[in-house]
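Down below is the structure, laid out as structure tokens.
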Amino acid sequence: ENFSSTATTASTTAYNIVDYAGNTKTCPSVTVNVYVDNTAPTCTNSGDSSVWTIGNRVIYWGCSDAHSGCNTSYDGGSTTFTNSIRYTTIAATQSFSLSGSTDNTGGSGMSKSSYECTAAATHNATCNITIYDKAGNPENCGASPANRIDTNPPTGTVKINGGAGWTNSKSVTLTLNATDEETDVEQMCISNTTSCSSWETYATSKAWTLGSTPTVYVWFKDAAGNDSTRTSDSINIDIAAPTCGTFSPHTPAWKTTWQSQTFTFSGSKDEAGGSGLVPPETSCKTAAANGAVCEITIKDNAGNSTVCTSPKNRVDTIAPTCNYAGYTNSTILTVTCSDSNSGCKTSSGTISSTAKKVTLYDNAGNSCAIQCDYSKSGLITICYSAN
């Protein structure tokens, strides 16, 4: 018959056998080496990194077991990485190597020196590796480590003054917008020529001075070091202000009451080859005051402007002054006009026995009058205002 006993450590065991008649036989001692392993192996890996690279990265997986040793296998399943993975430079699939597995001292050794699991050549593809020791204890190493590869450059645009067609200054504002499928856009290079000479931290807005030609060139760089292709934007420069047209009437009529004056306006021009005029106002109205003016501001599409001022409104509500000297023993009297507003339309007049009254006018139509009385002998006796 067969007999058995249980041991958990290395030990020496002696056996006695007895038959049904009671006869006993002592068997020789037997030494048995017993190896017990109920501890799972340890997953090891190297080569993973949180730093982006534009080249391929090799990720190594390994198994460590201090007891029965590693007997590694893998499955073909997959889960999702927590880090982005790019496989665009890999022809078909990405292989993750499992190597460095060791058996414990005195063990039977590894059945294989290395293993691989293969992830599909797609974004965020992963593979899992499960390792076993010789006692059959499993350990799932989980998703393969981060393999941050980015060979795609960023893309972006630049706009001068928000995409405006014209500017009246070489000092402008650039609006920048860049994106990258994998990493962050970290740097930009701005130039007035087709050559990039200085990189700086990426920003979405930048004050800039245009060069001899009104074109700006920009490059972008992502965290992996990929440079974008050159992008650019241009704008037209117009620094000349437009020219005023004319107001009508050019010389308004005088008014004898407090009235405003309305002027029409036309004929403004921009320089040849300029940005063109923004349609201006076609009329303006002054205040009801003598000498009052109104203004119209004309602008071109580059933002240059000119203030155009109308002629003065003309209001005169005050009569002129009739002036005369002594008239004793005189038969005639000369009367002169003075006016500090619209001026005299009639400068003087003469009083005689046949025209005893003189009326003088200013340019607004206001008047003054002088009348004289005569004696029977034909001499002036008295003169007075006859308004």
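Of everything in segment 334-387 that is farther than 24 Å from K255 by Cβ and charged (D, E, K, R), the residue that is modelled with the lowest pLDDT is K376.
For the structure I just gave you, tell me whether S191 is out of contact with any Asp or Glu (no Cβ under 7 Å at 6 or more places or on another chain), of a type outside the set (K, R) and within 27 Å of T151 (Cα to Cα). Yes: the conditions hold for S191. Screening G142 with (1) surrounded by 19 or more Cβ atoms within 10 Å (Cβ to Cβ); (2) modelled with pLDDT under 95 gives one miss only, at (1). Taking the condition closer than 28 Å to V307 by Cα and outside any loop (DSSP other than H, G, I, E, B), does V172 pass? Judged against the criteria, V172 is a match. For segment 209-239, the set of residues classified as crowded, with 17+ Cβ neighbours inside 10 Å and within 19 Å of K170 (Cα to Cα) consists of L210, P214, V216, Y217, V218, D233, I235, D238, listed by residue number.
Taking first residues from segment 275-297 that are farther than 30 Å from I318 by Cα and free of Cβ contacts under 8 Å to residues at least 40 places away in the same chain and partners that are surrounded by 14 or more Cβ atoms within 10 Å (Cβ to Cβ) and among the charged types (D, E, K, R), the Cβ contacts under 7 Å between residues at least 6 apart in sequence or on separate chains come to G276/D270; G276/D300; L277/D270; L277/D300; V278/K299; V278/D300.
Exactly one residue out of W254, W258 is closer than 30 Å to N363 by Cα and loosely packed, with under 14 Cβ neighbours inside 10 Å, and it is W258.
Only one entry in A369, A364 is of a type outside the set (D, E, K, R) and assigned to a loop (DSSP other than H, G, I, E, B), namely A364. Which members of segment 254-289 meet the condition of being among the hydroxyl-bearing types (S, T, Y), out of contact with any Gly (no Cβ under 6 Å at 6 or more places or on another chain) and in a loop (DSSP other than H, G, I, E, B)? Those that are among the hydroxyl-bearing types (S, T, Y), out of contact with any Gly (no Cβ under 6 Å at 6 or more places or on another chain) and in a loop (DSSP other than H, G, I, E, B): T257, S260, S275, T282, T286. Taking into account only those residues within segment 195-204 that are surrounded by 10 or more Cβ atoms within 10 Å (Cβ to Cβ) and in a strand (DSSP E or B), which is farthest from the chain's Cα centre (by Cα)? Residue satisfying both the conditions and the ranking: W199. Of the residues making up segment 290-341, those that are in contact with an Asp or Glu (Cβ under 6 Å, 6 or more places away or on another chain) and hydrophobic (A, V, I, L, M, F, W, C) are I296, A302, V307. Only a single item in (1) under 23 Å from D233 (Cα atoms); (2) touching a Phe, Trp or Tyr at 6+ places or on another chain (Cβ under 6 Å) is not met by D150, and it is number (1). Across segment 307-329, the qualifying residues are those that are crowded, with 17+ Cβ neighbours inside 10 Å and not in a loop (DSSP other than H, G, I, E, B), and the one among them that is nearest to the chain's Cα centre (by Cα) is C308.
The values are calculated or read from the model by the stated rules, or taken from the named source; none is laboratory data. Just so we're clear, the structure is a prediction, and the values are computed from it rather than from any experiment. As a convention, Cβ positions derive from the backbone with ideal geometry for all residues, glycine included, and neighbour counts pool all protein chains shown.
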